[in-house]
Amino acid sequence: MMHRARSYPPTLKIKTLKDFWQRFRLLLRERGIRDRIAPYFDTEFYCRTYPDIAAARQQNPNFDPVLHYVRFGWIEGRNPSCSFQTTQYLMAHPQLVASGKNPLLHFIEREGTVTSPVGQPAPLLSRDEISTREEPDNLSDAHPVSLPGAEALTTAPPERPNEVTDSSKSSGQQLTTTTRDFRSENYRIVAASFDRAYYLRRYADLAAFAREHPEFDPVLHYLETGWMEGRDPNAVFSTSDYLELNPDVREAKVNPFYHYLTAGKSEGRFASLPGGYRARHLRSLITPRRMAELWRRPARETWPLSRQSVHRLISRALHNNDGKIVVALSHDDYMANLGGIQLCIRREQLAFQAMGAGYLHLAPVQPSPILADADEWSNQHYSIRYNGAAAGITTAAALVAAVEELSASFRDGCAFIVHALHGSATEFALSVSQAVPWSHRFYWVHDFLGLCPGYNLLRNGIQFCRAPTLHSGACQVCIYGEDRVHHLHRMDRLFSGASFEFVAPSKSAADLWRGFYPKHKVVVRPHCFLEPTGLTRALRNEGDPVRVGYIGHPAFHKGWPVFESLQKLGIDKDLLELHYFGAAQPALNGDVIVHRVSVDSCNPEAMVTAVSDAKLDFALLWSICPETFCLAAYEAYAGGALILSGPDSGNVERFVKNNRAGYVFANEDALFSFLSSPDLVSAVPRKPRRLYKLRFGSLSAEMVEQGMVAP
Amino acid sequence: MTAVITDKLPNERRPDPELLESFDQIIWGQEILGARTEQWLFGHDVVEACTAVKGPVLRDLLELGYDAVVYLDPDIAVFAPLAPVTQSLSRHDIVLTPHQLEPDDRDYAILDNEIGSLKHGIFNLGFLGTRATKEGRRFADWWSARLKRFCYAELDRGIFVDQKWCDFVPAFFDNVGILRDAGCNVASWNLNRRTISVGPSGDILVNGVPLRFYHFTKLGPVGDLATMRYAGSNTEVYEIWSWYKREVKKHEISLPNGWWHYGFFSDGTPIPARARVTYRRRPDLQEAFPNPFVSGAGSFQEWCVGNLTAS
């Protein structure tokens, strides 16, 4: 909305004495109104919201915004503060338009209170109160009075309830044409492309208000404040993207959707960021080293165990287990952190203990998404757990020295296992590997750090790269490419010197690994299997919406942006119901049904149960990188849901195809088309869904026990 | 590899040797222009000057005995061997790449691209290949002569620096090769007809053929918008742009913002465009002020203050 502030003082021509007195009386009356409403008028808000007012004030020190509102502003539909909506008030009191009475004055004289959209009565704020009020950071934290956009939509009951209805024939009609006259052209243009139903489906706070106030106009809301709050008028146009991409529109402070419809579209400007979530992610790309810096924890004073103390610890473990010790290395403390790999390691530890071996777990105290530098690896701190119990912190040098000193005490059946090298130096792993004549040295392909510093094989964090040759163009332009040469050199030295037995949790992971290391022999050992229970879950009710859910941590590479896009599509809730299953608390639309689920060693099938109880129809597992296993796929299927996945999802795609467990779409457009189809329900199987139990393995332990080593 | 630089570092600083180690030689543009260099440079802005020296440098390099010269703009990055270029040069004496290889079909693209090329030149002179043949030398002589006298951004007169002159090349010269390889000289002005992808082995492809060189024109918000306008959802384009921005940042040197030695009077005042244009069109001013960059009493700068309205 752009208006030029009307000139002031008024230009009533004075020709006679009568004219003079008429003008004098007018000025007095205006002054009186001005003084009455001034305490409730927020000048800063008025100038901030309407740039022409700010400009007029700057040009003319005598310009009075309050007087402007008295004379012109309310007629133009401007708001005097964030707690009073002029247009909405006039719609509720159409007689004011005909009478010419200032709506804010009318309101002050009548009640001076506002019923906020959440039903909590709140006082109309005076200017002093407004100036000391804190602005809310987001909608969900908003104080009822200060709820942006929806606030102060007055519902004060009319003095004569019938008058509203009676006047609809005359002033109501007048209202339609008069109060919207000031921006009737804007309104008409925007309304023609505005999706009212989408707006209310997308923004639950406004939908709730609209249910209480049938006169609420989403188009008007968007024109007046919605666009400033970053709300979108339909599923295609992104207000925030348009303002970001078009700084000229942003600086002009014009309504971006109006600009797009009247000029931007024909100029070839985009309704939303081209390239979608991948392009958006690329704009915030940081180098792996910078990421490692951001992961850096503040240094805490620690007293690492000395070499002698570590020696005693390991010596005791060897003694207690007849010289049979397993040393496992991963990226974090598996007992303190919740996750699939961590639970797998826990099972492995317990299984080795059952086999009579002691289990020493090592994890770098300073986590990192990449390898630790080679230069100072010996000083790196590691936390030690022995059979699951915390045993202290020590240095890498102390560990290697202790292990070397006790080398002769390690008996047959000892194993060195590398689950993850993130945060560790390959030089440390090599030293440990060469310190002892281990019976087994396992390297688990839980991810692809062995192929690239970008362990997800996402080129620039957005696109599966297939681990191309080292000096390819793809590596050249990738943020991980510069470090890849040195990284692979270190990995090569480790693999050459350590004589690992490579183990992958799926064939797809093994195939990808062998594609880069053709000489490696890789054994496939899944983390779990599906065991039929003979049970089926309850049938869905006729007329139920199709239930689609996201399972697990809301991570970019796991397809979380795609699930967010589903929320923004605004699909009819009667047709499609969105669910979230997990322990995280992501920002979600009000329409998404949340199931708080924590999977741990005490309740390893919590997710299966949740999926089954919710009668989830489809689990959206849209990994954009190749999953080496994906426990979520097994959990979803075990709970009776089918899987929706995309290309490049690795073992998810293979699982779906091998088990006829859902659909693999070529791209996101195909997925959205499927979910938007009015026939979506026909894709849901009518037969009762079978339920399965997850039969977990014990990783390296079962391989040792069953003699499953690389041929 | 030869770098052509028409500039001086602040305070007569010498360039860091490491910066220039990729080049076999540096040619300083201001040293090859002959007599009245300062006057000539004063009459050209940075784009005009840096494009004008290409002609004389080409001519001189051919005279030095090189078999062929391939020119690339400094905002071009090479991603794969330039086999199509060398192959074309083996058959032709002059090789050019057009801005576009096929017509556009949308109004805004026609306005941006085709009409843009009508105004600024059919061929993009961010790339040029010339062989040291008789025809190649004849072209170099002709182009050098034109650029010394008429290398200006004067679209109203139909001149656009060095580039628009080359619209004449297929008419004036024989054995001209127009390189129609989609992997050469990819830029925002032809992105709507070229799709960038990455092959299974990591090769960057354009319409299925290897990307040879990409022209990163207008680094900054303007270039970003132009790229988005035509790249659309082709995220690979944004990936290579992201790489380019990182590389530029990695190799940037410390210079005052907007630095060009010949962009300022000696007292540090930026030279207005009107001053340049007026000077180059007025031989009398050139005679009266043989050292136009100098500030102070009796200088051309002083004359401008008194005689030219603010530009």
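The values are calculated or read from the model by the stated rules, or taken from the named source; none is laboratory data. Since the structure is predicted, the reported quantities are computational estimates derived from the model, not experimental observations. Cβ atoms come from the backbone with ideal geometry, glycine included; neighbour counts cover every protein chain shown. Each accessible area value is taken on the protein alone, full model and side chains, heavy atoms only, with ligands, DNA and RNA left out. Shrake-Rupley method; radii C 1.70, N 1.55, O 1.52, S 1.80 Å.
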Scattering profile of segment A:421-557 from the Debye formula, Cα beads only, expressed as log10 I(q)/I(0) at q = 0.12, 0.18 Å⁻¹, is -0.63, -1.10
Residues of the protein assembly as shown: accessible area per residue with a 1.4 Å probe, Å²: 46
State the Cα centre-to-centre distance between segment A:377-393 and segment A:478-528 in whole Å. 26
Just to be sure I follow: if Rg is taken over the C-alpha atoms of segment A:200-248 and Rh is the Kirkwood radius over the same atoms, what is Rg/Rh? 1.03
Checked against a 21 Å limit on the C-alpha separation, the offending pairs among B:Lys164/B:Lys245; A:Lys615/A:Lys693; A:Lys324/A:Lys507; A:Lys568/A:Lys687 are B:Lys164/B:Lys245; A:Lys324/A:Lys507; A:Lys568/A:Lys687
Provide, as a two-decimal number, the C-alpha radius of gyration of segment B:66-115 over 2.2 N^0.38 Å, N being how many residues it has. 1.51
What value in Å³ per residue do you get for the convex hull of the alpha-carbon atoms in segment B:126-227? 146
Cα-based Rg/(2.2 N^0.38 Å) for the protein assembly as shown, rounded to two decimals, is 1.18
Using a simple spin-label model with points 7 Å from Cα along the Cα→Cβ vector, what separation in nm is obtained for B:Lys245 and B:Ser266? 4.2
For every other residue with a beta carbon closer than 14 angstrom to the beta carbon of A:Val592, add +1 if it is Lys or Arg and -1 if Asp or Glu, then tell me the sum. +3
Among the lysines, which have Cα under 24 Å from the Cα of A:Lys18 when same-chain residues fewer than 8 positions away are ignored? A:Lys101
For Cα pairs less than 8 Å apart in space and 6+ apart in sequence, what is the mean separation divided by the residue count of chain B, i.e. the relative contact order in percent? 20
Kirkwood Rh in Å, taken over segment A:483-585 so that all alpha-carbon pairs contribute: 18.5
Sorted largest first, the Cα spans of segment B:243-297 on the principal axes come out in Å as 50, 22, 15
How shielded is A:263-273 by partner chains, expressed as the average number of their Cβ atoms within 10 Å of its Cβ atoms? 3
With a 1.4 Å probe and all protein chains in place, put A:Trp295, B:Trp241 in order of accessible area, largest first. A:Trp295, B:Trp241
Hey, can you list the residues from segment A:468-496 whose accessible area shrinks by 10 Å² or more with all protein chains present, relative to the chain by itself (probe 1.4 Å, no ligands or nucleic acids)? A:Pro468, A:Thr469, A:Ser472, A:Gly473, A:Ala474, A:Gln476, A:Val477, A:Ile479, A:Glu482
I'd like the FRET efficiency for A:Trp295 and A:Asp572, computed as 1/(1 + (r/R0)^6) with the beta carbon distance as r and R0 of 51 Å, rounded to 0.05. 0.75
Counting DSSP beta bridges in the protein assembly as shown, what percent are antiparallel, to the nearest 5? 45
Please compute the Cα-Cα pair-distance distribution of segment B:1-147 with 5 Å bins starting at 0, giving whole percents from short to long. 2, 8, 15, 19, 19, 16, 11, 7, 3, 1, 0
For the protein assembly as shown, with all protein chains present and a 1.4 Å probe, just round the carbon and sulfur fraction of the accessible area to a whole percent. 52
So for chain B, taking the charge dipole from beta-carbon charges (+1 Lys/Arg, -1 Asp/Glu), which of B:Ala182, B:Ala77, B:Gly34 sits furthest toward the positive end? B:Gly34
Label zone at A:His553, where the point sits 7 Å out along the Cα-to-Cβ direction: segment A:369-387 residues whose backbone N lies under 15 Å: A:369-370
Rounded, prolate or oblate: which fits segment B:70-191, taking a ≥ b ≥ c as square roots of the Cα gyration tensor eigenvalues, rounded meaning a/c under 1.5, else prolate when a/b beats b/c? oblate
Kindly report, to the nearest 10 Å², the accessible surface of B:Trp142 as traced by a 1.4 Å probe over protein heavy atoms only. 30
Go from 0 up to the bin containing the longest alpha carbon distance in segment A:36-81, width 5 Å each, and give me the % of pairs per bin. 5, 24, 38, 25, 7, 0
Please compute the net charge surrounding A:Ala391, taking Lys and Arg as +1 and Asp and Glu as -1 over other residues with Cβ under 15 Å from its Cβ. +3
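Find how much the distance from B:Gln25 to B:Tyr108 grows on full extension, using 0.36 nm per residue of separation minus their present alpha carbon separation; answer in nm with one decimal.
25.6 nm
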Among B:Phe300, B:Trp259, B:Pro200, the residue whose Cα sits farthest towards the positive end of the charge dipole of segment B:188-311, when +1 is placed on the Cβ of each Lys and Arg and -1 on the Cβ of each Asp and Glu, is B:Pro200
Normalise the Cα radius of gyration of segment A:334-438 by 2.2 N^0.38 Å (N = residues in it) and let me know the number. 1.05
Using the Kirkwood radius over Cα pairs, work out the Stokes-Einstein diffusion coefficient for segment A:590-629 at 20 °C and 1.002 mPa s, in µm²/s as a whole number. 175
Could you tell me the extents of segment A:521-651's C-alpha atoms along the three principal axes, largest first, rounded to whole Å? 50, 34, 27
Give the residue from A:His489, A:His520, A:Leu539 lying farthest towards the positive end of the charge dipole for segment A:444-564; charges sit on Cβ (+1 for Lys and Arg, -1 for Asp and Glu) and the dipole is referred to the Cα centre. A:His520
Rounded to the nearest 10 degrees, what's the angle between the helix A:507-516 long axis and the longest principal axis of chain A, both from Cα atoms, 0 to 90? 80
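If you take the C-alpha gyration tensor of chain B, multiply each eigenvalue by 5 and take the square root, what semi-axes do you get, largest first, in whole Å?
Over the Cα atoms of chain B, the semi-axes work out to 34, 23, 21 Å.
What number, in nm² with one decimal, is the all-direction average of the projected area of the convex hull of the alpha-carbon atoms of segment A:641-711?
Numbers: hull surface 28.6 nm².
Quarter of the Cα hull surface area: 7.1 nm².
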Counting protein heavy atoms only and a 1.4 angstrom probe, how many square angstrom of accessible surface do chains A and B bury in total, to the nearest 100? 1900
